[in-house]
1. Taking the condition of a type in the set (Asp, Glu) and open to solvent by less than 100 Å² (accessible area, probe 1.4 Å), does residue 35 pass?
2. Considering only residues of segment 184-197 that are in a loop (DSSP other than H, G, I, E, B) and open to solvent by less than 50 Å² (accessible area, probe 1.4 Å), which is farthest from residue 140 (Cα to Cα)?
3. Using beta carbons and a limit of 8 Å, which pairs, at least six apart or on different chains, have the first residue in segment 83-95 and under 14 Å from residue 143 (Cβ atoms) and the second one outside any helix (DSSP H, G or I) and open to solvent by 60 Å² or more (accessible area, probe 1.4 Å)?
4. If only one of 140, 171 is modelled with pLDDT under 95, open to solvent by less than 40 Å² (accessible area, probe 1.4 Å) and hydrophobic (A, V, I, L, M, F, W, C), which one is it?
5. Looking at 54, 67, which one is farther than 22 Å from residue 164 by Cα, modelled with pLDDT under 95, hydroxyl-bearing (Ser, Thr, Tyr) and loosely packed, with under 13 Cβ neighbours inside 10 Å?
6. Could you check segment 88-108 and list, in sequence order, the residues that are over 18 Å from the mean Cα position of the chain (by Cα) and assigned to a helix (DSSP H, G or I)?
7. Can you tell me which residues in segment 1-47 are part of a helix (DSSP H, G or I) and in contact (Cβ under 8 Å) with a residue 12 or more places away in the chain?
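The values are calculated or read from the model by the stated rules, or taken from the named source; none is laboratory data. Since the model is a prediction, treat every value here as computed from it, not as a measurement. A quick note on method: Cβ atoms are made from the backbone with ideal geometry, for glycine too, and the neighbour counts reach across all protein chains shown. Ligands, DNA and RNA are excluded from the accessible area calculation, which covers all protein heavy atoms including side chains. Shrake-Rupley method; radii C 1.70, N 1.55, O 1.52, S 1.80 Å.
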Amino acid sequence: MTTQLDTLMEKLRSVEAEIEVELVKRREELRFHFEKRRIVFEQEVARLHKALKTRLSRYIIEANPLTVLTAPVIYSLIVPIALLDLSVMAYQAICFPVYRIPKVRRRDYLVFDRHHLAYLNAIEKFNCAYCSYANGAIAFIREVASRTEVYWCPIKHARRVLGPHPHYQGFADFGDAEGFRARVRQLEDGVKLDGAG
């Protein structure tokens with residue numbers, strides 16, 4: 001039986017597909033494409049990007065002093081993020097095969113491509129790489145955690161959850177004991193996820 005929630009989730013998937021189509025159109029407007037996973041800008045655009053690049057010396061001279069003073073605090077987070085990333089990689093490698101949970105492909109979450117932008121100077125490229133790693137690692141960690149939750153506790157919360165992970169809607173409703181037990185029985189042959197890989 002299809003519920004209203006199933007219908008809404010299908011609409012959400014449809015809207016996500018439409019968004020991807022619009023993103024492709026936007027790439028065309030910005031005049032770049034992919035050639036064997038390499039990003040290629042049209043020559044005219046590449047020249048414009050180089051012309052818009054802020055020289056490193058000017059960037060440093062014009063930097064807000066408070067930004068410079070707080071930068072070490074931001075960069076210091078790389079240590080706990082990297083340790084957590086390594087720990088979660090080990091956890092997944094050890095535990096997921098035992099629980100028959102599909103492994104998360106880390107490379108799908110860690111995307112480093114902003115260094116191809118000619119309008120960024122060395123510091124801007126470094127900052128982009130840092131943000132790409134931090135956000136990608138956290139997204140990877142969240143997916144590993146969400147798949148763990150699918151296995152161990154597929155029950156929705158009584159209170160509203162902001163930004164639930166993609167698997168959350170398939171959880172049993174809070175207070176639905178029969179639904180929970182049915183969900184647990186479904187997991188006896190391992191976790192099955194749409195698009196897992």
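1. Judged against the criteria, residue 35 is a match.
2. Per the criteria, the residue is 190.
3. Filtered contacts from segment 83-95: 92/103.
4. On inspection, the qualifying residue turns out to be 171.
5. Checking each option against the conditions leaves just 67.
6. 90, 91, 93, 94, 95, 96, 97, 98, 99
7. Answer for segment 1-47, where residues must be part of a helix (DSSP H, G or I) and in contact (Cβ under 8 Å) with a residue 12 or more places away in the chain: 5, 9, 44, 45, 46.
Conditions (1) among the hydroxyl-bearing types (Ser, Thr, Tyr); (2) more than 23 Å from residue 135 (Cα to Cα), marked per residue:
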residue: 9; (1), (2): no, yes
residue: 21; (1), (2): no, yes
residue: 50; (1), (2): no, yes
residue: 55; (1), (2): no, yes
residue: 62; (1), (2): no, yes
residue: 68; (1), (2): no, no
residue: 91; (1), (2): yes, no
